[in-house]
1. Size of the stretch 75-115 along its principal axes in angstrom, Cα-based, largest extent first?
2. Return one number: the angle in degrees, 0 to 90 and rounded to the nearest 10, between the long axis of the Cα atoms of helix 88-97 and the longest principal axis of the Cα atoms of the chain.
3. Counting only protein heavy atoms and a 1.4 Å probe, tell me what percentage of the stretch 184-385's accessible area is made up of carbon and sulfur.
4. Grab every C-alpha pair in the stretch 332-435, bin the distances at 10 angstrom width from 0 up to the longest one, and report whole percents.
5. Roughly to the nearest percent, how much of the accessible area of the stretch 67-181 is carbon and sulfur, given a 1.4 Å probe?
6. Mind listing P(r) for the chain? All alpha-carbon pairs, 10 Å bins, whole percents.
7. Can you pull a Stokes-Einstein diffusion coefficient for the stretch 28-112 at 4 °C (1.567 mPa s), Rh from Kirkwood over Cα pairs, as a whole number of µm²/s?
8. Could you state the number of Å between the C-alpha centres of the stretch 196-270 and the stretch 371-412?
Amino acid sequence: MGELWSNWAGQQVCAPARVERPGSEDELAETVAKAAAEGRGVRPVGSGHSFTDTCLTDGVMIDQTHMQRLLDVDTATGRVTVEAGIKLHTLTAELARHGLALENQGDIDAQSLAGALATATHGTGARFRNLSAQVLGCRLVTASGEVLEIDEASDPDAWRAARVSLGALGVISQYTLQCVPAFRIHRIDEPRPIREVLAHLDELVEGHDHFEMLALPHTDTALTLASRRTDEPADPPGRFEAWLNDDFVPNTVVGALAGLGRRVPTQVPRIARLMARVAGRYEQLDASHRVFAHDRRVRFTEMEYAIPREHLAEAFSRVMAVIADRRLPVLFPIEVRFTAADDAFLSTAHGRETGYIAVHQVVGAEFETYFRAVEAIMDDYDGRPHWGKRHYQTAATLAPRYPGWEAFAAVRAHLDPEGVFTNDYVRRVLGPPSV
Ligand SMILES: Cc1cc2nc3c(=O)[nH]c(=O)nc-3n(C[C@H](O)[C@H](O)[C@H](O)COP(=O)(O)OP(=O)(O)OC[C@H]3O[C@@H](n4cnc5c(N)ncnc54)[C@H](O)[C@@H]3O)c2cc1C
C-alpha cells in the first residue's frame, strides 16, 4: 500500500495510488500527463488545511512542496511571480525582504499559496478583497500536460475561473501577484459586550481597516480585533506578552478548556464563561504579516458562510440564539469577518460586499447537529460556504447563489472535459465537468 494522506484536522483521509512531488513545471506537466494517460484522477494538494474532502483521491496526488521558489520580483510595480506551492509564511517573509506585502491575509499562514487561492481564502477588512483578487495571472497544467498562460487580457473568463478553481481546472504551477508596499498594522484585541458591538457594527467595520469579532457562545462577551494600517515604526509586544497572547492562551489554555468541554459537554456554558474572563486586552504594532497570522495548534473543524453584509448582524444573532435555545455544547467562538466584493466566478464574495460567519468544534466533538443548524440559517441569506470548510451543499443548491456559475462551468468543460481533476467533492459541489 502507498502513502496515507490526511488533512490538518486529521478527519479527511485517503490512500492515493501515488503521491508525486515534482520539482519544476516540466516535471509537473510530465507527471500530470502520465497520470491522465493511465486513466487516473489527479488532485493537487497544498498544506491540507481544508476541512472538506476537497483533496481526497485514490488516483495521483500532486504535492508541490518542492515548488516554492520566488521567480521574479519587480519592486517598482509590486508584481511578483512565484511557484504555486509556496507556503504563505515563506512568501510573506520573502516579500518583506523586498519591501512588499500581501494586501490582506487570513489568521494563519501555513497554507500553500495555490491551496489558499483555490478555496477563496480571505482575511477581514471591508475595503479589502480576498487573496485571489491579487492574482494577475497564472500558469495552468492541463490533463494533456500542456501549460496555459492565463491572465485577464488573454482570456478574461479563464482568469476569473482560475483565481478560485477548487483544483478543478488543472494544476497551477505559477502565479503572478500584484503585491503592495510593505506596511505595518496596529491591532488592539479587547473584550467587549456583544450587544455593544452589534449596536455599533457598521461604525466599527468602517472605522477600522480590519475588524473582526470572536463572540463567545453562552456569554455576552466578544473579543474584537480592530486594526489600522500605519507607517509608524514597529513596536512589537515583549517576548513574554507575545508568548502569553499568541501562544499560551490560544493554544494551551483554549486547548485544555476545549478538551474539558468535549469530555463534559454539560459544563460547556460554565467553561465558556471562564473563557470570557481569560480574554484580555492585547496590542500589537508590527509588520503586517506578523500581525495578521499566528500559529494555531488546537485541532478543530469548521464551517464558514459568506452572506451579504447587510444581513450579518441578524444572521449572527440567529446563530447565537440557536446555540442557546438548543443548548449546543459549543465552546469555540463564532467568528465574524468582512471583505469587499470581487469578480472571481467562484469567490464567496463574488459581486457582493460580504460578511462571514464561521463556527467551529474541537476535533472529537460532535459537530453535525450544530453545523446543519447554522447552515439552515445561512440558506435564508443566499449563503455561500467557504470551499475549504465543511458544508452540506450540492451543485444544485449552489448554482443559483453564483452569478458566474455557468461561466465557470464553461471554462471547466473546455479545460478538463474528461474530469481528470474531478474527485467526489468536486462532483458534489460543481457537478460533472461537461455543460
Ligand atoms: C487553522 C486554520 C485556519 C484557517 N484560517 C483561515 C482564514 O483565516 N481565512 C480563510 O478564508 N480560510 C482559512 N482557513 C482555511 C484554509 O485557508 C483553506 O482551506 C485553504 O484552502 C487551505 O490551504 P492549503 O494550502 O492547506 O490547501 P489544501 O487544503 O491542501 O487544498 C485546498 C484546495 O486547493 C487545491 N489546490 C492545491 N494546490 C493547487 C494547485 N497547484 N493548483 C490548483 N489547485 C490546487 C486543492 O486541490 C484543494 O481543492 C483556515 C484553515 C485552518 C486549518
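1. Cα extents, longest axis first: 27, 20, 14 Å.
2. Orientation of helix 88-97: about 90 degrees from the principal axis.
3. Values: 4460 of 8620 Å².
After summing per-atom areas, the C and S share lands at 52 percent.
4. Result returned by the calculation: 13, 42, 32, 13, 0.
5. On the way: 1770 of 3750 Å².
Carbon and sulfur atoms account for 47 percent of the accessible area of the stretch 67-181.
6. Spelled out bin by bin, the chain gives 5, 22, 32, 26, 13, 2, 0 percent.
7. Answer from the Stokes-Einstein relation: 89 µm²/s.
8. 28
The values are calculated or read from the model by the stated rules, or taken from the named source; none is laboratory data. Note that the coordinates shown come from a computational prediction; the quantities given were computed from them, not determined experimentally. So basically every Cβ, Gly included, is an ideal-geometry build from the backbone, and we count neighbours across all protein chains shown. The accessibility values were calculated without ligands, DNA or RNA, using every heavy atom of the protein model including side chains. Shrake-Rupley method; radii C 1.70, N 1.55, O 1.52, S 1.80 Å.
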